[in-house]
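These notes concern the structure reproduced below.
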Amino acid sequence: YRFVDCRHNVVAADAADAPPIVKEIVAGLYTPRRLPGRSETRYRSLPLVLLYDNVGLDLFDRITYLPEYYLANCEIDILRTHTDDIVAQIPDGSDVIDLGCGSLRKTAILLEALNRQRTDVAYYAIDVMPDPLHESISKLVPKFPNIAFVGLCGMYEEVLPRLRESPRQKTVLWLGSSVGNYHTDEVVQFLEQLSSSVLAPDDAILIGMDKLKDRQVILDAYCDPQGLRAEFAFNILAHTSTVIHDYARRLRGSDPSTDCSPPAVFDREQFAYVNTYDDEIGGHKIFLEARDDVSVRWPREIADWISDTYGDAAGDGLVIKRGERIFIEPSYKFGDSAAEVLGRRTGLVLSAKWTDRQENCMLNLFRK
Ligand code: AVI
């Protein structure tokens, strides 16, 4: 199979030219912002994408097997029950593009049917980390010879330009209610960009949405007795540290294999996992709460730049006060008319919808 690493590994000359993800980390921590909803409280935050490194992808995959995490099972139920109807929407000679494909457990249901019913389908698996992506694809390649597999590694904005290269009809998959991890305004903006830069008329996008339901069911989905969910959230601290230190090391020009390990930017023991559900906005939220005053330890290579930019005396003076919460992840839930609203706002046409037997989740097919 073909594999393209689309990640932009920017090598900057100095700290002020830091890669966007480093700037986003620092800005999110120094500039608390209001979250959607009525509350005036402002929160520091970390970029959501940092939940997913090799460890985070593995933890998320394990979460999808937990009984309380109904989202995965319900979507699998929809895909199994309506496989033929869904596959009927994907003609021979077309491309299937999977945004955030993960372990491919769910998509494998569609690929199995496509492999039986079609002779020429190209499948583009997109995710952020190369090793898990290789692993997911290589398990399926021998099973589905009628499908041409392509791995595209990178964030959405890094991989989308690649997708313009194929002139074939396209079906984009955005499964798992990943759409819920963004505010509707961001979703609309992303879909408009996808539609204008990648899709041609009649191309499709299949979007998985978790429905509004009893708040306790939702809270339980994000808090398991084994603590896997907490582990998943804490991992963002470790990944953030890695990203910051990789960058500092590049600025120093030092070799990672001989470099002694620097102190982590955060100490995860100093945080507690907190999950809440906000009925007013229909959204679940994950936070990490400081158990004590937490001093954030920036490596000295970027401390000066931070102090210049954020007026922080030594660049290492950021303290997160005891009880303060860092915002990690929103998971919005959707009402029955959400797909129609999304269609109206993006100009995409809602052409089919399916739900699972318990009516917990829905899959909505839009066409350009
Ligand atoms: C990927 N995404 C839809 C998951 C969710 O439910 O928001 C990520 C997740 N967060 C905690 N557990 C799983």
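The values are calculated or read from the model by the stated rules, or taken from the named source; none is laboratory data. Remember, it's a predicted structure, so these values are computed and weren't measured experimentally. Quick reminder, even Gly has a Cβ in these numbers, built from the backbone with ideal geometry, and neighbours come from all protein chains shown.
Consider region 194-203. How many of its residues are surrounded by fewer than 16 Cβ atoms within 10 Å (Cβ to Cβ) and in contact (Cβ under 8 Å) with a residue 12 or more places away in the chain?
Total meeting the criteria: 4.
Here is a list of conditions, (1) more than 24 Å from the chain's Cα centre (by Cα); (2) free of Cβ contacts under 8 Å to residues at least 24 places away in the same chain, and residue 340 meets all of them except one; can you say which number that is?
Here residue 340 meets the rest and fails (1).
Tell me which of these residue 67 doesn't satisfy, since it passes every other one: (1) closer than 17 Å to residue 173 by Cβ; (2) at pLDDT below 95; (3) not basic (Lys, Arg).
(1)
Only residues in region 115-143 that are touching a residue at least 24 places away in the same chain (Cβ under 8 Å) count as the first member; pair them with residues that are in a loop (DSSP other than H, G, I, E, B) and aromatic (Phe, Trp, Tyr), Cβ under 6 angstrom, at least 6 apart or cross-chain, and list the lot.
Once the first residue is touching a residue at least 24 places away in the same chain (Cβ under 8 Å) and sits in region 115-143, its partners that are in a loop (DSSP other than H, G, I, E, B) and aromatic (Phe, Trp, Tyr) give 115/144; 128/52; 137/1; 141/1.
Restricting to region 95-142, and then to whatever is among the hydroxyl-bearing types (Ser, Thr, Tyr) and in a helix (DSSP H, G or I), can you tell me which residue is farthest from the ligand (Cβ to nearest atom)?
The selected residue is 138.
For region 169-188, which residues satisfy the criterion of being assigned to a loop (DSSP other than H, G, I, E, B) and away from the ligand (no atom under 14 Å from the Cβ)?
Passing the criteria: only 169.
Is it true that residue 191 is crowded, with 20+ Cβ neighbours inside 10 Å, part of a helix (DSSP H, G or I), more than 16 Å from the ligand (Cβ to nearest atom) and at negative phi?
Yes; evaluated as a whole, the condition is true for this residue.
With the structure loaded, tell me whether residue 246 is over 28 Å from residue 82 (Cβ atoms), more than 19 Å from the chain's Cα centre (by Cα) and within 15 Å of the ligand (Cβ to nearest atom) or whether it fails that test.
It is false that residue 246 is over 28 Å from residue 82 (Cβ atoms), more than 19 Å from the chain's Cα centre (by Cα) and within 15 Å of the ligand (Cβ to nearest atom).
Name the strands (runs of 3 or more DSSP E) wholly within region 280-360 that hold at least 3 residues that are closer than 23 Å to residue 76 by Cβ, hydrophobic (A, V, I, L, M, F, W, C) and away from the ligand (no atom under 16 Å from the Cβ)?
349-355
Looking at (1) polar (S, T, N, Q); (2) surrounded by fewer than 20 Cβ atoms within 10 Å (Cβ to Cβ); (3) assigned to a helix (DSSP H, G or I), which is the only condition residue 166 fails?
(3)
Can you pull out the residues in region 125-150 that are within 17 Å of the chain's Cα centre (by Cα) and surrounded by 13 or more Cβ atoms within 10 Å (Cβ to Cβ)?
Selection gives 125, 126, 127, 128, 129, 130, 132, 133, 136.
Being in contact with a Leu (Cβ under 7 Å, 6 or more places away or on another chain), in a loop (DSSP other than H, G, I, E, B) and within 14 Å of the ligand (Cβ to nearest atom) is the filter here, so list the residues in region 57-94 that pass it.
Result: 66, single match.
Given (1) out of contact with any helix residue (DSSP H, G or I) (no Cβ under 8 Å at 6 or more places or on another chain); (2) part of a strand (DSSP E or B); (3) not aromatic (Phe, Trp, Tyr), where does residue 250 come up short, assuming only one miss?
(2)
Identify the residue in region 259-294 that is among the hydroxyl-bearing types (Ser, Thr, Tyr) and surrounded by 14 or more Cβ atoms within 10 Å (Cβ to Cβ) and, among all such residues, is farthest from residue 322 (Cα to Cα).
Only one residue tops the list, namely 277.
Here's the yes/no breakdown for (1) aromatic (Phe, Trp, Tyr); (2) in contact with a Ser or Thr (Cβ under 6 Å, 6 or more places away or on another chain):
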{"position": "206", "(1), (2)": "no, no"}
{"position": "241", "(1), (2)": "no, no"}
{"position": "248", "(1), (2)": "no, no"}
{"position": "254", "(1), (2)": "no, no"}
{"position": "265", "(1), (2)": "no, yes"}
{"position": "269", "(1), (2)": "no, no"}
{"position": "273", "(1), (2)": "yes, no"}
{"position": "276", "(1), (2)": "no, no"}
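Is at least one residue of region 225-232 within 11 Å of the ligand (Cβ to nearest atom) and in contact with a strand residue (DSSP E or B) (Cβ under 8 Å, 6 or more places away or on another chain)?
yes
Read through the list (1) modelled with pLDDT of 95 or more; (2) touching a strand residue (DSSP E or B) at 6+ places or on another chain (Cβ under 6 Å); (3) away from the ligand (no atom under 16 Å from the Cβ), then give the number of the only condition that residue 166 fails.
(1)
For region 230-244, what are the residues that are surrounded by 22 or more Cβ atoms within 10 Å (Cβ to Cβ) and among the β-branched types (Val, Ile, Thr)?
Within region 230-244, 236, 240, 244 qualify.
Kindly provide the set of residues from region 52-99 that are buried (at least 19 other Cβ atoms within 10 Å of the Cβ), of a type outside the set (Asp, Glu) and under 15 Å from residue 206 (Cα atoms), ordered by number.
Correct list: 78, 79, 86, 87, 90, 94, 96, 97, 99.
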